[in-house]
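Below is one structure, written out as C-alpha cells, with a few remarks after it.
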Amino acid sequence: MSAQGSQNPSSARPPHWELPSKGANPLRRTSDRIECWFFRFLMLVLALGLPVASLSAGLTVYESLMRTVQAQSAERHEVTVRLTSDAEGAGKGADGAMQSAHVRWTDRDGRERTGTALVKSGAGKGATARIWVDRQGTITDPPMSANNATATGWMVGGMTSIAVAGGVFAVRVGMRQVLDRRRYAQWDAEWDLVEPRWSARFRR
C-alpha cells in the first residue's frame with residue numbers, strides 16, 4: 001500500500017472527544033449554574049471591594065489621628081523640670097523603667113509649678129528631666145506622633161481587608177450550604193421515584 005493511499009485512523013479525532021459548548025453540559029444542574037455565577041460575583045466583589053474598603057478605612061483612621069496629632073502638638077509642649085525628691089525605685093537597678101518623682105518647673109508666664117511626673121528610674125533629687133505639659137500647666141502624656149497615626153492606619157486597613165475576605169468566604173460557604181440542602185432534597189425526591197423500580201429488578 002502506498003503512503004498516499006494510507007490513512008492514519010489516529011489522526012482523526014473521534015466525535016465523542018468533542019467537548020460540549022460551555023453551559024450545554026446536560027449534567028449541570030440549575031443550582032450548579034447559580035453557584036458558578038454567584039462565585040464569580042463574589043470574586044468580583046473581592047477584587048474590587050477589598051482594596052476600596054481597606055484603603056477607605058485606613059485613610060479615614062489615618063486622617064482622624066493626624067488631626068489628633070496636630071491638636072495635641074498645638075496644646076502640649078515640653079518643659080525642663082528639676083526633681084525635688086528621689087525617683088521611686090532609685091538605686092534598685094530598674095534600668096530604663098519610669099518611676100514617679102516630685103518635680104518643680106517654671107512655666108511660660110514665669111510662675112513656679114510643682115507636680116508629680118514619671119522620670120527615669122535612678123534619677124535623684126536635684127536632677128533635671130524633660131516632661132510634657134498642656135496649656136494649663138498640667139502634666140500630661142506626650143502628643144501622638146505621625147508615625148503612630150500611620151501605623152494605626154495601616155493596621156486598620158489590614159484588619160478591614162481580612163474582614164472583607166472573611167465575609168466573602170462566609171457568604172460563599174453559606175450559599176453552598178443552601179444549595180446543597182436543595183440538592184439533597186431533590187435527590188431524595190428523585191430516589192423515592194426510582195427506588196421502587198430499581199428494587200423490583202432484584203425481586204424478579
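Working only within the stretch 42-55, note down all residues that are open to solvent by 60 Å² or more (accessible area, probe 1.4 Å) and not aliphatic (A, V, I, L, M).
From the stretch 42-55, those open to solvent by 60 Å² or more (accessible area, probe 1.4 Å) are 43-44, 47-48, 52, 55; that's our starting set.
Within the stretch 42-55, no residue meets the criteria.
Every residue in the stretch 124-142 that is open to solvent by 40 Å² or more (accessible area, probe 1.4 Å) and among the hydrophobic types (A, V, I, L, M, F, W, C), please.
Matches in the stretch 124-142: W132, I139.
Mind telling me which of the residues Q177, Q136 ends up being closer than 22 Å to V69 by Cα and modelled with pLDDT under 90?
Numbers: Q177 fails: closer than 22 Å to V69 by Cα.
On inspection, the qualifying residue turns out to be Q136.
Consider T140 against the criteria (1) out of contact with any Asp or Glu (no Cβ under 6 Å at 6 or more places or on another chain); (2) in contact (Cβ under 8 Å) with a residue 60 or more places away in the chain: it satisfies all of them except one. Which criterion is unmet?
Going through the list (1) out of contact with any Asp or Glu (no Cβ under 6 Å at 6 or more places or on another chain); (2) in contact (Cβ under 8 Å) with a residue 60 or more places away in the chain, T140 breaks only (1).
Conditions (1) under 33 Å from the mean Cα position of the chain (by Cα); (2) at pLDDT below 90, marked per residue:
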| position | (1), (2) |
| --- | --- |
| V69 | yes, no |
| A90 | no, yes |
| M98 | no, yes |
| V103 | no, no |
| D141 | yes, no |
| A151 | yes, no |
| A163 | yes, no |
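Given the residues L55, L44, which is the only one that is at pLDDT 90 or above, assigned to a helix (DSSP H, G or I) and over 30 Å from A149 (Cα atoms)? Write out each step before concluding.
Working: L55 fails: over 30 Å from A149 (Cα atoms).
Just a single option satisfies the conditions, and that option is L44.
The values are calculated or read from the model by the stated rules, or taken from the named source; none is laboratory data. Not measured: the values here are computed from a predicted model. Counting neighbours? That spans all protein chains shown, and the Cβs are built from the backbone with ideal geometry, glycine included. Only protein heavy atoms, including side chains, enter the accessible area calculation; ligands, DNA and RNA are left aside. Shrake-Rupley method; radii C 1.70, N 1.55, O 1.52, S 1.80 Å.
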